[in-house]
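Have a look at the structure below before the remarks.
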Amino acid sequence: MNATLRNLLVNTACLAVGVLLSLGFWSMLSATVAKELPTPAATWEVAKPYIVEPFAKRGEQDQGILRLVGYSLGLVAKGYLIALIVGTPIGFLLGLSKGFARVFDPIVQVLRPVSPLAWLPLGMVLFLSTGRQALENGALFTIAICAMWPTVLNTAVGVRAIPQDYLNVGRVLKLSRMKMLFKIMVPATLPYMFTGFRLSLGIAWLVIVAAEMLTGRTGVGSFLWNEYNNANYGNIIFSILTIGVIGFILDRLMSVAESRFKTA
Amino acid sequence: MSFLELRHVTKSFGGAPVLHDVNLSLVEGEFVAIVGYSGQGKTTLMSLIAGLLKPDSGEILLEGKPVSGPGPDRGLVFQNYSLLPWLTVEENISLAVESVFPGQSAAERAAHVAKYIAMVKLSHAADRLPRQLSGGMRQRVSVARTLAMNPRILLLDEPLSALDALTRATLQDEISDIWLSDKKTVILITNSVDEALYLADRVIPLTLGPGATLASPVTVDLPRPRDRSTLNHEPEFKRLRSQITQTLLGYSESRKTTVSRKLVLPDILPEDLDQPRRSGPPRRPHEIKRENVSI
Ligand SMILES: Nc1ncnc2c1ncn2[C@@H]1O[C@H](COP(=O)(O)OP(=O)(O)OP(=O)(O)O)[C@@H](O)[C@H]1O
Ligand SMILES: [Mg+2]
């Protein structure tokens, strides 16, 4: 048996053990101390219609799980893109210019720890004029502004960490400003930027659930909240698991991209 | 008139000056080697000439005009290669060529780049990334990148110090050939007196810092082309080598000082397992000795 196959088998076996143990613990909890907690079997029962027909659309909230995930991912993608487009240049400016960093770094540090729940109302107010789109735009605003910070900060750190040698090469070769930026600074910062991008995506996915709960926009987050109101507690757990798995997959995908950009 | 001239150049990085009152004058086409100990300011000197650093006082003139910044007329080969790791060999060189010869067509540029890659015998590796190259190959790329810019003066900062003796000899020959074929002005920094004597017209020792400066040059009047195998036996070569080596050793000799420090020998009496365990002070106190260390 070759080594990779063996590795794969071992990993799968370990995963299975982990899942089984967790399921056991969960069953034990719902049988003993947490009587309100639906058992794994009960959870499966309520979640089944959403899983077996993942793309079904039976009503506004009553849709297959992947369809719901799709709505959420769509919004996340938009907000995340805005975060990258806005955050990367800000990060570059912070890293490049001491003056800019002096002026804006404190502001970044103050805005960064603000919870998405605090940004959301502001976002909805800002986009009141957009009428029916206000909720969606508010959510986008919240995702973008919350997800932006890791990109901003990591890019800034990356720019400051560009080895002086590379910059000297640029100076000796007499590169133009544009070439200096795109041939030397951006590639040298790329690994840091990607770390920022990965963390940002994680945050964007965290924020979407809160945003959907508050705005009622269709997606996994609002599904979770509705099922709570409908007293289908099993689906709360089902939603949590779904959110976790999707978040994990996104993170994996980003670290694959990240490792591809590791330079030297 | 001298081609490159340094007058009373002093440079510090905040503290005591690294270089103090450095004077140097080169005629065009000359090959000068600077030898010195590590950390005494050789790279700093090169960076000053290249225009990457500004002297605190004194001036650097190239054909009578003060050097104000880096320029394509001075090609610096960095001590640590400094290839851009995300570009292939060809792209690294092409980047340099593009900025020095912006008027070239794509085909002209490709030919130009290929010529210099061939010159350092790396045509087979043109598409590789720096991390896929050995140290010697990287160094050759670095040299090719600089040569491709067609500078008037080559500044080689210990280009061969990181290489094994065999590779080193091969690259010395390559440098020698390149210099013989287009008679560029070259400043070579090296930590090897033999290398300096094999390649240079003049060898200049750098004294010890802080405040290092260039000592008086030693003219190397050995006929060219020089042959490494016979060179070692020539009396003139032996004389020059011992002269320069003595000069360098003299610096470090004069700097030798001894310090006396307290040396604490810990209580390391082996544990005797047959003895009953005792608490309380150690059976033997720390031993304190004086030690003289010469540096
Ligand atoms: N950018 C810098 N900032 C502060 N100190 C520096 C800087 N560059 C060099 N130095 C100091 O200047 C001195 C000379 O350094 P330099 O790199 O010129 O030595 P070198 O002769 O090239 O040594 P080596 O043979 O090891 O390359 C060293 O003591 C070093 O610590
Ligand atoms: Mg050096």
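How far is it, in nm, from the label point at B:A169 to the one at B:E234 when both lie 7 Å from their Cα along the line to the Cβ?
That separation, rounded to one decimal, is 1.7 nm.
Once you put a point 7 Å from the Cα of B:N191 and another 7 Å from the Cα of A:V33, both along the Cβ direction, what distance in nm separates them?
6.3
Given a cut-off of 36 Å, what percent of all Cα-Cα pairs of the protein assembly as shown lie beyond it? Display every interim value, and only then the final one.
On the way: 90455 of 155961 pairs.
The proportion of pairs with Cα distances above 36 Å equals 58 percent.
What aspartates and glutamates could a cross-link reach from A:K183, if we take a straight Cα to Cα line under 18 Å and drop same-chain neighbours fewer than 8 places away?
Filter leaves A:D165, B:E90, B:E91, B:E98, B:D127.
Where does chain B land at 222 nm, in deg cm²/dmol rounded to the nearest 500, when only DSSP H runs of n ≥ 4 count, each adding -39500 (n - 2.57), divided by all residues? Display every interim value, and only then the final one.
Working: 8 runs with 98 residues, N = 295.
It lands at -10500 deg cm²/dmol.
Once you have a ≥ b ≥ c as the square roots of the Cα gyration tensor eigenvalues for chain A, tell me rounded if a/c is under 1.5, and otherwise prolate or oblate according to whether a/b is larger than b/c. Kindly include the intermediate steps, with their values, before the conclusion.
On the way: a/c = 2.63, a/b = 1.52, b/c = 1.72.
Taking the square roots of the gyration eigenvalues as a ≥ b ≥ c, chain A is oblate.
Checking buried surface per residue: for segment B:86-118, which residues lose a minimum of 30 Å² accessible area in the protein assembly relative to the chain alone (1.4 Å probe)?
When all protein chains are present, B:W86, B:L95, B:E98, B:S99 each give up 30 Å² or more of accessible surface.
Gap in Å between the Cα centre of segment A:159-223 and the Cα centre of segment A:1-36?
36
Name the shape class, rounded, prolate or oblate, that the alpha-carbon gyration tensor gives for segment A:157-247, where a ≥ b ≥ c are the square roots of its eigenvalues, rounded holds for a/c under 1.5, and otherwise prolate holds if a/b is larger than b/c and oblate otherwise.
Values: a/c = 6.38, a/b = 4.17, b/c = 1.53.
It is prolate, given that a/c is not under 1.5 and a/b is the larger ratio.
Just to check I understand the Karplus step: with θ = phi - 60° and J = 6.51 cos²θ - 1.76 cosθ + 1.60, what whole-Hz values come out for segment A:200-216, glycine and proline as x?
After applying 6.51 cos²θ - 1.76 cosθ + 1.60, I find 4, 5, x, 5, 4, 6, 5, 5, 4, 4, 4, 4, 5, 4, 6, 8, x Hz.
Which of A:F197, A:T215, A:I236 sits closest to the plus end of the dipole of segment A:196-264, meaning its Cα is farthest towards the positive end, when Lys and Arg get +1 and Asp and Glu get -1 on the C-beta?
Farthest towards the positive pole: A:F197.
Over chain B, what is the relative contact order in percent, taking alpha-carbon pairs closer than 8 angstrom and at least six residues apart? Mind dumping the intermediate values first?
Numbers: 501 pairs, mean separation 62.5, N = 295.
This gives 21 percent for chain B.
Cross-link list A:K179/B:K11; B:K121/B:K238; B:K11/B:K115; A:K35/A:K57; B:K65/B:K184; B:K54/B:K238: which exceed 27 angstrom alpha carbon to alpha carbon? Don't jump to the answer; show the numbers that get you there.
Numbers: A:K179/B:K11 30 Å; B:K121/B:K238 33 Å; B:K11/B:K115 38 Å; A:K35/A:K57 33 Å; B:K65/B:K184 19 Å; B:K54/B:K238 38 Å.
Correct reply: A:K179/B:K11; B:K121/B:K238; B:K11/B:K115; A:K35/A:K57; B:K54/B:K238.
If you keep only loop residues by DSSP, which GluC sites (Glu not before Pro) in segment A:29-104 have at most 13 other Cβ atoms within 10 Å of their Cβ?
Values: sites: A:E36, A:E45, A:E60; in loops: A:E36, A:E60.
Answer in residue order: A:E36, A:E60.
Given a 1.4 Å probe and every protein chain left where it sits, what share in percent of the accessible area of chain B is carbon and sulfur? All intermediate terms of the calculation are to be shown ahead of the outcome.
Values: 7930 of 14590 Å².
For chain B, the apolar C and S fraction of the accessible surface comes to 54 percent.
Convex hull over the alpha-carbon atoms of chain B: what's its volume per residue in Å³? Don't skip to the answer; put the middle values down first.
Numbers: hull volume 67.4 nm³, N = 295.
Here the figure is 228 Å³ per residue.
Return the loop-located GluC sites (Glu not before Pro) in segment B:49-140 (DSSP other than H, G, I, E, B) with at most 14 other Cβ atoms within 10 Å of their own Cβ; answer none if there are none.
B:E63
The values are calculated or read from the model by the stated rules, or taken from the named source; none is laboratory data. Note that the structure is a prediction, hence the values are computed from the model and not measured. With ideal geometry, Cβ positions are generated from the backbone for all residues, glycine too; neighbour counts draw on all protein chains shown. The protein model used for the area step is the full one, side chains on, heavy atoms only, and it has no ligands, DNA or RNA in it. Shrake-Rupley method; radii C 1.70, N 1.55, O 1.52, S 1.80 Å.
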